[in-house]
Amino acid sequence: MNLDIVLHKCIEIGDLSRGEILFLLNLDNDADLQRLLDAGDAVRRAYCGDAVQIRALVEFSNVCARHCNYCGLRALNSSVTRYRMPPDEIVELAAELSEKGLKTIVLQSGEDPHYTGEMVADIVTRIKTTTGMAITLCLGERPDDDYRLWREAGADRYLLRHETASRELYAKLHPDSDFDNRMRCLRVLRELGYQVGAGCMVGAPGQTVEHMADDIEFFRDFQPDMAGIGPYIPHPDTPFAGCPPGSVAMTLKMVALARIVTRDALLPATTAIGSIEEQGREMALNAGADVVMPNYTPLKYRVHYEIYPNKRCITEDPAHCDSCMRLRILSCGRTVSADQGHSRKSRQSQI
Ligand code: SAH
């Protein structure tokens with residue numbers, strides 16, 4: 001395959017074949033890699049412009065019923081101090097963030113049945129009516145009725161990383177979860193009118209380049225509104241403790257390819273890439289990403305939301321986060337978005 005021709009197709013058309021995706025994932029010299037990342041950046045500029053969206057992440061509970069083999073919050077990890085933010089505290093924090101000028105709040109948690117469908121709906125309604133912020137939920141797999149209730153309460157978006165588009169690898173990573181249900185949830189969320197975020201880990205134990213091609217094909221075919229892509233980072237209290245982390249280079253390739261095949265999806269420069277490489281988020285912003293998600297979880301809880309160790313900004317004062325994030329965006333020659341940054345995919349019914 002000829003790199004010039006494939007990169008031309010990346011920029012002009014984007015609809016890559018599996019063979020082309022594999023060819024690009026297998027590029028192994030720095031100059032060729034840089035050309036792929038530049039193609040991701042060029043597509044981002046053409047379809048998304050220079051503004052970077054800032055989403056305020058609030059991790060409101062680290063209690064989790066699942067046993068995902070990579071995640072430090074897995075139910076069996078007894079060394080985690082578990083916490084749950086009371087609903088009032090979540091709503092008050094949202095009001096503070098809105099006053100600071102943040103326009104999207106992302107409420108994330110483990111799969112925690114303590115927060116019933118009604119409780120979450122109430123939190124969403126209160127945040128929506130008092131602040132008007134765009135609300136993104138990231139609470140894992142829940143009954144369809146809960147998803148419906150939350151959408152009706154005013155939630156705009158739902159993040160549910162597909163984790164891996166390979167059924168076989170999915171089963172190895174998730175001993176107690178069902179690949180078909182994860183995919184079904186993504187379709188249900190879309191049908192309910194959410195802007196839907198998928199996403200995957202890069203370099204997860206057992207993951208091959210073929211599996212990564214599955215993820216890019218999934219992005220190409222499903223066309224998610226958003227896609228979070230970050231390196232796998234080993235956590236010492238999990239069955240995958242000794243496994244090596246995903247690499248920065250492979251993560252950047254995946255970000256660039258996701259940009260190329262989705263064209264205008266919202267793609268975060270993830271905390272995980274910023275955690276394995278100081279300049280990781282800037283590198284992702286220069287390879288196709290257009291979103292950052294600074295962590296606004298109150299400090300007393302934040303240290304306990306340890307999905308992986310040495311998370312970036314774990315002890316950072318939120319006031320500092322704000323200016324740090326803006327400087328990082330400006331350092332890449334980009335601007336900070338002034339709007340809510342809704343999906344650019346036209347099928348969405350946007351609030
Ligand atoms: N319970 C929610 C939120 C999970 S945490 C849900 O199921 O969607 C958010 C993301 O962190 C996960 O989707 C996973 O991709 C990522 N993650 C978890 N453990 C990780 C690890 N050890 N390294 C890198 N990413 C991890």
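The values are calculated or read from the model by the stated rules, or taken from the named source; none is laboratory data. From a predicted model like this one, the values you see are computed outputs, not experimental measurements. Note that we place each Cβ from the backbone using ideal geometry, even for glycine, and neighbour counts take in every protein chain shown. Note: areas computed on protein heavy atoms with side chains; ligands, DNA, RNA excluded. Shrake-Rupley method; radii C 1.70, N 1.55, O 1.52, S 1.80 Å.
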Do any residues in segment 139-165 that are at negative phi have Cβ atoms under 8 Å from those of residues that are more than 9 Å from the ligand (Cβ to nearest atom) and modelled with pLDDT under 95, where the two are at least six apart or on different chains, and which pairs are they? 156/350; 156/351
Name the residues in segment 265-306 that are more than 17 Å from residue 254 (Cβ to Cβ), within 13 Å of the ligand (Cβ to nearest atom) and in contact with a strand residue (DSSP E or B) (Cβ under 9 Å, 6 or more places away or on another chain), would you? 293, 295, 297, 305
Do we find that residue 310 is of a type in the set (S, T, N, Q), closer than 28 Å to residue 239 by Cα, within 19 Å of the chain's Cα centre (by Cα) and open to solvent by 40 Å² or more (accessible area, probe 1.4 Å) in this structure? yes
Please work out which one of (1) within 11 Å of the ligand (Cβ to nearest atom); (2) more than 14 Å from the chain's Cα centre (by Cα); (3) touching a residue at least 12 places away in the same chain (Cβ under 8 Å) is the condition residue 217 fails and give its number. (1)
Meets criteria (farther than 25 Å from residue 258 by Cβ and at pLDDT 95 or above) for residue 301: yes
Report whether or not residue 102 is in contact with a Phe, Trp or Tyr (Cβ under 7 Å, 6 or more places away or on another chain) and within 21 Å of residue 266 (Cα to Cα). no
Residues of segment 61-78 being open to solvent by 20 Å² or more (accessible area, probe 1.4 Å), more than 13 Å from residue 174 (Cα to Cα) and within 12 Å of the ligand (Cβ to nearest atom), which ones? 63, 64
Cβ-Cβ distance below 8 Å, separation of 6 or more or different chains: which pairs start in segment 331-350 with a residue that is under 12 Å from residue 48 (Cβ atoms) and of a type outside the set (Phe, Trp, Tyr) and end on one that is surrounded by fewer than 17 Cβ atoms within 10 Å (Cβ to Cβ) and at pLDDT below 90? 343/350
Taking residue 287 as the residue in question, decide whether it is over 19 Å from residue 60 (Cα atoms), surrounded by 21 or more Cβ atoms within 10 Å (Cβ to Cβ) and modelled with pLDDT of 95 or more. yes
Tell me yes or no: at least one residue of segment 249-268 is modelled with pLDDT of 95 or more, open to solvent by 10 Å² or more (accessible area, probe 1.4 Å) and in a loop (DSSP other than H, G, I, E, B). yes
Pairing a residue in segment 72-85 that is more than 12 Å from residue 303 (Cβ to Cβ) with any residue that is more than 15 Å from the ligand (Cβ to nearest atom) and open to solvent by less than 40 Å² (accessible area, probe 1.4 Å), where Cβ atoms lie under 8 Å and the two sit 6 or more apart in sequence or on different chains, gives 85/93; 85/298
Would you check which residues across segment 79-101 are in a loop (DSSP other than H, G, I, E, B), within 16 Å of the ligand (Cβ to nearest atom), over 25 Å from residue 226 (Cβ atoms) and not β-branched (Val, Ile, Thr) and list them? 79, 82, 83
Residue hits (segment 230-241; more than 9 Å from the ligand (Cβ to nearest atom) and farther than 12 Å from residue 204 by Cα) are 236, 237, 239
May I ask you to verify whether residue 104 is among the polar types (S, T, N, Q), more than 16 Å from the ligand (Cβ to nearest atom), touching a Lys or Arg at 6+ places or on another chain (Cβ under 6 Å) and in contact (Cβ under 8 Å) with a residue 24 or more places away in the chain? yes
